[in-house]
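> Take this structure, written in structure tokens, and hold onto it; I'll ask about it next.
The values are calculated or read from the model by the stated rules, or taken from the named source; none is laboratory data. This structure is a prediction, so every number in the text was calculated from the model and none was measured. Note: ideal-geometry Cβ built from the backbone for every residue, glycine included; neighbour counts use all protein chains shown.
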Amino acid sequence: MLEALAVFPNELAAGGLTRLFLVLFPFFVLLELPLSLLVLAGVIRWYTRNLMTTPRASLYRPRVSCIITCYSEGRDVQNTLLSLCEQLYPGEVELIPVVDGATANEATMEAVRDFRVDPVRYPNRFLRPIAKWQRGGRVSSLNAGLSHATGEIVFALDGDTSFDNAMIGAMVRHFEDPSVPAVSGSLRVRNSWHSLATVMQSLEYFLSIQTSRVGLGEWNTVNNISGAFGAFRTSFLRHIGGWDTHTAEDLDLTLRIKSYFGRHPLRIPFEPTAVGHTDVPDTLRGFFMQRLRWDGDLFFLYIRKHRHSMTPRVLGWRNFLMTLFSGFFFQLVLPFLIVGYTLAGLVLLPLNVIAVLAVLIYAVYLLQTLILYLAGLLMVSERPWNDLKLAIALPVFPVFMFFLRGWGVICTLNEMFRRGHEETSMAPWWVLRRGRRF
């Protein structure tokens, strides 16, 4: 780079702008292109397959247990319970709201106590609440619910998330295949237009969850089963010991399920028509504090807790390569490359070169975002008119993601040197300390 800087005036005068571009442009950003093409190919494959497939009625209607983790939702938890009662699924649905720290969490406890299931209006719906008087955290609540669940299929749901009324039926049909241990559902942002932060997150959820996971699901490489919304075969979940004590229990459980892929022909489908609606942080500060935990957890899980499982023999070649590429490289390595390149460029390059490179990099990411957005809008979205409104955020989204990548460096360093996952509010410190230290 220093040599290119020294010859910059001569190269430019001699028409060597192309050569200068080849020297200075950060081509590592183009490494995301293969993954984008893989996702796009998966979306097209899913779309054409659905066009050519005739829907069939299924008589598979197992009993379902919905574990709803409740902590500080207050009356909002009743919206979640009501949306589950109103499901079109004709089979039995067991509602298990688990109120964590019920002694101090009186508002949520009262909301659960006051909720009634009308047996005439909502047949085959059964309410079985659990009050955990001492707070134990999300994992503790999920395992408490699992120990009381009587359904063949278990749903892990957040108490502040509501659902479309076709959700359970759309998820359950995948479990008719005995090779399916879990299904990932689609999440949408409920408070989309509260602020700039929520608009950006709405577009991020639409691209990274609803559209990207459709593409990844076609190749059986779904990267995560969201903690707010996932379904599991109860027997398999109990076989692997339920959820484990630590933060990021959703990705942890996904990796533990995938550790069987190298030995058994299992698959984790993604169901885009099963939609949950959740609230996201409505301030940039709240958003970045949330990602401090989420992104820091990636280093903890990939490098510390599951490093011995990162082999083709355990994960299978397909998921090993996807985890190595989209998980380890894109989430942990690429942010450092981007930040390092940016800082070096600001110090070493003239302003006009910086401006040209910034425009080129922005154009690459904008084009990539636009293509994925159009694919999702035209082939995946069940609410295309709502998602069309998100187009207003497209020009800002590459800049938003650039700062998010930079923040990812801080999140990773916080976990590397301060073990940030032990500072999470998702569980009391004494619960985390009792877990195995990695």
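> Given the stretch 333-388, what helices (runs of 4 or more DSSP H) lie entirely inside it while holding 3 or more residues that are surrounded by 14 or more Cβ atoms within 10 Å (Cβ to Cβ)? Explain how you work it out, then say what you get.
Values: elements: 334-348, 351-375, 384-388.
Here the list reads 334-348, 351-375.
> State all residues of the stretch 210-220 that are surrounded by 24 or more Cβ atoms within 10 Å (Cβ to Cβ) and touching a Leu at 6+ places or on another chain (Cβ under 8 Å); if no residue qualifies, say none.
Thr211, Ser212, Gly215
> Val180 versus (1) within 18 Å of Ile225 (Cβ to Cβ); (2) aliphatic (A, V, I, L, M); (3) buried (at least 20 other Cβ atoms within 10 Å of the Cβ): which is the lone unmet condition?
So the condition that Val180 fails would be (3).
> Still on this structure, I have one more. Within the group Ser235, Ser208, Ser202, Ser147, which residue is of a type in the set (S, T, N, Q), at pLDDT 95 or above, under 30 Å from Leu33 (Cβ atoms) and outside any loop (DSSP other than H, G, I, E, B)? So that I can check it myself, show each step before the final result.
Values: Ser235 fails: under 30 Å from Leu33 (Cβ atoms); Ser208 fails: at pLDDT 95 or above; Ser147 fails: under 30 Å from Leu33 (Cβ atoms).
Testing whether each residue is of a type in the set (S, T, N, Q), at pLDDT 95 or above, under 30 Å from Leu33 (Cβ atoms) and outside any loop (DSSP other than H, G, I, E, B) leaves just Ser202.
> I need the full set of residues from the stretch 284-306 which are in a helix (DSSP H, G or I), without any contact (Cβ under 8 Å) to a residue 60 or more places away in the chain and under 15 Å from Ile257 (Cα atoms), in order please. Write out each step before concluding.
Quick first cut of the stretch 284-306, residues in a helix (DSSP H, G or I) only: 284-305.
Subset that is without any contact (Cβ under 8 Å) to a residue 60 or more places away in the chain: 285, 289-290, 301-303.
Correct list: Leu301, Tyr302.
> Could I ask something else about it? Which of the residues belonging to the stretch 225-249 are surrounded by 20 or more Cβ atoms within 10 Å (Cβ to Cβ) and free of Cβ contacts under 8 Å to residues at least 60 places away in the same chain?
Ile225, Ser226
> Specify which of the listed residues (Met109, Met52) is farther than 19 Å from Phe163 by Cβ and not assigned by TED's automatic domain parsing to the domain that holds Val172.
Values: Met109 fails: not assigned by TED's automatic domain parsing to the domain that holds Val172.
Within the list Met109, Met52, the selection yields Met52.
> Can you go through Ser186, Ser202 and tell me which one is among the hydroxyl-bearing types (Ser, Thr, Tyr), closer than 24 Å to Arg56 by Cα and surrounded by 21 or more Cβ atoms within 10 Å (Cβ to Cβ)?
Working: Ser202 fails: closer than 24 Å to Arg56 by Cα.
Of the residues listed, the single one that is among the hydroxyl-bearing types (Ser, Thr, Tyr), closer than 24 Å to Arg56 by Cα and surrounded by 21 or more Cβ atoms within 10 Å (Cβ to Cβ) is Ser186.
> Which one is surrounded by the most Cβ atoms within 10 Å (Cβ to Cβ) among residues in the stretch 266-323 that are of a type in the set (Ser, Thr, Tyr) and more than 27 Å from Glu423 (Cα to Cα)? Before the answer, list the steps.
First pass over the stretch 266-323, keeping only residues of a type in the set (Ser, Thr, Tyr): 273, 278, 283, 302, 309, 311, 323.
Then keep just the ones that are more than 27 Å from Glu423 (Cα to Cα); that gives 273, 311.
On the way: Thr273: 15, Thr311: 13.
Looking at residues that are of a type in the set (Ser, Thr, Tyr) and more than 27 Å from Glu423 (Cα to Cα), I get Thr273.
> Could I ask something else about it? Restricting the search to the stretch 235-263, which residues are polar (S, T, N, Q) and closer than 21 Å to Gly276 by Cα? Walk me through it before giving the result.
Initial filter on the stretch 235-263 (polar (S, T, N, Q)): 235, 245, 247, 254, 259.
Answer for the stretch 235-263, where residues must be polar (S, T, N, Q) and closer than 21 Å to Gly276 by Cα: just Thr254.
> How many residues are in contact with a helix residue (DSSP H, G or I) (Cβ under 8 Å, 6 or more places away or on another chain) and not β-branched (Val, Ile, Thr) if we restrict to the stretch 173-193?
To start, the set of residues in the stretch 173-193 that are in contact with a helix residue (DSSP H, G or I) (Cβ under 8 Å, 6 or more places away or on another chain) comprises 180-189, 191-193.
Narrowing the set further to residues that are not β-branched (Val, Ile, Thr) leaves 181-182, 184-188, 191-193.
Final tally of qualifying residues: 10.
> Does the stretch 186-195 contain any residue that is in contact (Cβ under 8 Å) with a residue 40 or more places away in the chain, within 28 Å of Pro384 (Cα to Cα), in contact with a strand residue (DSSP E or B) (Cβ under 6 Å, 6 or more places away or on another chain) and of a type in the set (S, T, N, Q)?
Taking every residue of the stretch 186-195 in turn, at least one turns out to be in contact (Cβ under 8 Å) with a residue 40 or more places away in the chain, within 28 Å of Pro384 (Cα to Cα), in contact with a strand residue (DSSP E or B) (Cβ under 6 Å, 6 or more places away or on another chain) and of a type in the set (S, T, N, Q).
> If a residue has to be closer than 25 Å to Glu176 by Cα and modelled with pLDDT of 85 or more to count, how many in the stretch 8-60 make the cut?
Number of matching residues: 13.
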